[in-house]
Protein chains: 2
Amino acid sequence: MAAKRGGAQSKRSQRTAASPRSVQEASREPPLSLERIVATAVELLDAEGVDGLKMRRLADRLGSGAMSLYWHVGNKEEVFDLALDSVLEYRAPPQIIESQDWRGEVVHMLEDWRASMLRHPWSASLLPRRALGPNILGRLELLSKTLSRAGVADADLNVAIWSLWNFVIGATTTRASFDLSDDDRAAAQQRLTRLSERYPTIERTRLLLDNDWDGAFRKGLDFLLDGLAPR
Amino acid sequence: MAAKRGGAQSKRSQRTAASPRSVQEASREPPLSLERIVATAVELLDAEGVDGLKMRRLADRLGSGAMSLYWHVGNKEEVFDLALDSVLEYRAPPQIIESQDWRGEVVHMLEDWRASMLRHPWSASLLPRRALGPNILGRLELLSKTLSRAGVADADLNVAIWSLWNFVIGATTTRASFDLSDDDRAAAQQRLTRLSERYPTIERTRLLLDNDWDGAFRKGLDFLLDGLAPR
DNA sequence: ACCTGAACACCGTTCAAGT
DNA sequence: ACCTGAACACCGTTCAAGT
C-alpha cells in the first residue's frame, strides 16, 4: 500500500499476522515473478490451509498490489495448480537409478511421494480437483519405467501403476484428513466411544486411534507389491 | 418467496433439473426440513458441482428464503458434511450376510462403495476435507467385521482396512478427477503427446488414455487382496 | 512490459424482526 | 418454533489507467 515513494521507509506497515515480515523486508522486495508467486502461495497454504489462500493476502505477502498478480497468473485456480505441482517435484537420488533392487526403488519413490504431500497437507485435498502437472507426470513416468524394467509386461503395467497411485493418494488423503485439530480429534473420539455399540469391531481394533500411519503405509504397500509381483 | 398463502394449488410442482422453477411451482413446497435440505443439496451438487452449491441457490431450489436454511443447519460446511455422508449409505444385500465367501463380500462392498461415489463425483473431492459420518463408519465397521470373520488377526486388521480404504478412495479420487470435460480432456491429451519425449513410458502404455477404469479397479483390488490374504 | 486503485458482482452469515 | 429481508464483511476479478 504505502509503497510508491521509494526512499527510506520507516517501519511498521506490513505485519502479516502469524508470520510477520517486517516492513523493512517488505519495502525491498524483489520484483514479482511466477516463481516467487508460487513459492509464496505454498508458504501461505502451509501456514493457513486451503481456505487461507486469498489473492489479496498472497499479494500482501509479496509486497505488491492485489491486482499485480493477475499479470503473471490467469486466476486463482491457476495458483492452486502451480502450487500443487511445485510441491511434487521429485529429486531422484542418483545412486539408486542404476540399482537392481526395483522393489526398493518403488518403495522409496512412493514413500517420498507420500512424504512430500504430507509436508503440505493441503496438497491432498487439492489433488482431486486439479490437473496433472509436469512433476506428477514425471513421477508416473519414473514409476512406469522402473516397473517396466523390473519385468512387468506392458499389458499389466497400467493396472500396476494405477493401483500404486491409488494407494498413495488414498493413504495421503486419509492421513491428512485425520490430522485434525486437537478439538476436532477430541470431539470425534468422544462421539465414537459413545457409539461403540454400533461399531464394535472398529472400536475393538482401535482403528481410529491407531497412530502408526507410517507403519501401516509401509506394510500395506508391501502387501500390494506382493500381489502385484509375487516374489 | 411468494409462498405464504396456502390455498389449493394445482399440479406440477417439482421439476428439478437444469432448471428454472417458476414461481407457481415454488409456491407449494413442503416445509423445510433437514432431510429435504440435504437431499436438495445432493441434487444441486450433482447438477452443478462443488462450486455450484451456494446457500442462496440451495434456498431457491427449496422455495425458501436464503436465511431460512440457517435455522436447520449451522453453516455451509455442515451442508457439505451431511451431503457427503448421505451419499454413502450402504444397503447390504441381506442374502450375502451369511455367505461363506468373504472375498466375494469384500469385493462387492468395495465396488459398491466406489460406485456410490462415482455416482456423485463431487463426493471424491469433498472427502479429504470432511469428517467421518455414520455411513462411512458403518462401512468401515462392516468391512472390519467381514475380514475379522474371515480369519484376519486383530493385529493385521487395521493395516488391511486402511489398505483397502486407501485403494478405494484413491481410485475414486483419480477416476473423478480424470472425468474432465471434453475440452479439458482434449487439451490434456494434446499437451501429453506434445511432451511424449519426456514421458515415453506412460505414452507407450497409454496410461492416460486407458479407459477401462472398472477393469483396472477390479484387477488392482484382486492383487491387493492376494497380498493381504494369499489364497 | 509491468503494476495499480477504484469499482463491481457475488457470497456467507449476523441481526433484529416478524408469525 | 420457524422463517424472513436488510445489511455487513469479504473476496475474485474487470477495467481504465498509470509508468
Q. In this structure, is B:Ala188 at the interface with chain A (Cβ under 8 Å from one of its Cβ atoms) and modelled with pLDDT under 90?
A. yes
Q: Tell me which residues, restricted to segment A:36-88, are near DNA strand D (Cβ under 9 Å from one of its atoms) and in a loop (DSSP other than H, G, I, E, B).
A: A:Leu53, A:Lys54, A:Val73, A:Gly74, A:Asn75
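Among B:Val159, B:Val152, which is away from DNA strand D (no atom under 16 Å from the Cβ) and not in a helix (DSSP H, G or I)?
Values: B:Val159 fails: not in a helix (DSSP H, G or I).
Being away from DNA strand D (no atom under 16 Å from the Cβ) and not in a helix (DSSP H, G or I) holds for just one of B:Val159, B:Val152, which is B:Val152.
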Q. What residue, of B:Ser10, B:Ser99, B:Ser19, is modelled with pLDDT under 95 and under 29 Å from B:Ile136 (Cα atoms)?
A. B:Ser99
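Can you tell me which residue within segment A:26-35, out of those that are in a helix (DSSP H, G or I) and among the aliphatic types (A, V, I, L, M), is surrounded by the most Cβ atoms within 10 Å (Cβ to Cβ)? Break it down into steps so the answer makes sense when it comes.
Of the residues in segment A:26-35, the ones in a helix (DSSP H, G or I) are A:26-27, A:34-35.
From the residues that got through so far, the ones that are among the aliphatic types (A, V, I, L, M) too are A:26, A:34.
Details: A:Ala26: 20, A:Leu34: 13.
Residue satisfying both the conditions and the ranking: A:Ala26.
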Q. Is it the case that segment B:128-135 has a residue that's within 14 Å of chain A (Cβ to nearest Cβ), over 20 Å from A:Ile169 (Cα atoms) and in contact with a helix residue (DSSP H, G or I) (Cβ under 6 Å, 6 or more places away or on another chain)?
A. yes
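One line per residue, one yes/no per condition, for (1) more than 14 Å from every other protein chain (Cβ to nearest Cβ); (2) exposed (fewer than 13 other Cβ atoms within 10 Å of the Cβ); (3) more than 14 Å from DNA strand C (Cβ to nearest atom):
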{"residue": "B:Leu44", "(1), (2), (3)": "yes, no, no"}
{"residue": "B:Asp51", "(1), (2), (3)": "no, yes, no"}
{"residue": "B:Lys54", "(1), (2), (3)": "yes, no, no"}
{"residue": "B:Leu58", "(1), (2), (3)": "yes, no, no"}
{"residue": "B:Leu62", "(1), (2), (3)": "yes, no, no"}
{"residue": "B:Ala66", "(1), (2), (3)": "yes, no, no"}
{"residue": "B:Asn75", "(1), (2), (3)": "no, yes, no"}
{"residue": "B:Asp81", "(1), (2), (3)": "no, no, no"}
{"residue": "B:Val87", "(1), (2), (3)": "yes, no, yes"}
(Q) Please count how many residues of segment B:155-167 are buried (at least 22 other Cβ atoms within 10 Å of the Cβ), more than 7 Å from every other protein chain (Cβ to nearest Cβ) and more than 14 Å from A:Leu208 (Cα to Cα). (A) 1
Q | Given (1) within 25 Å of B:Ala47 (Cα to Cα); (2) touching a residue at least 60 places away in the same chain (Cβ under 8 Å); (3) not acidic (Asp, Glu), number of the condition B:Thr173 does not satisfy | A | (2)
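The values are calculated or read from the model by the stated rules, or taken from the named source; none is laboratory data. All values reported here derive from a predicted model rather than from experimental measurement. Neighbour counts run over all protein chains shown; Cβ positions are idealised from the backbone, glycine included.
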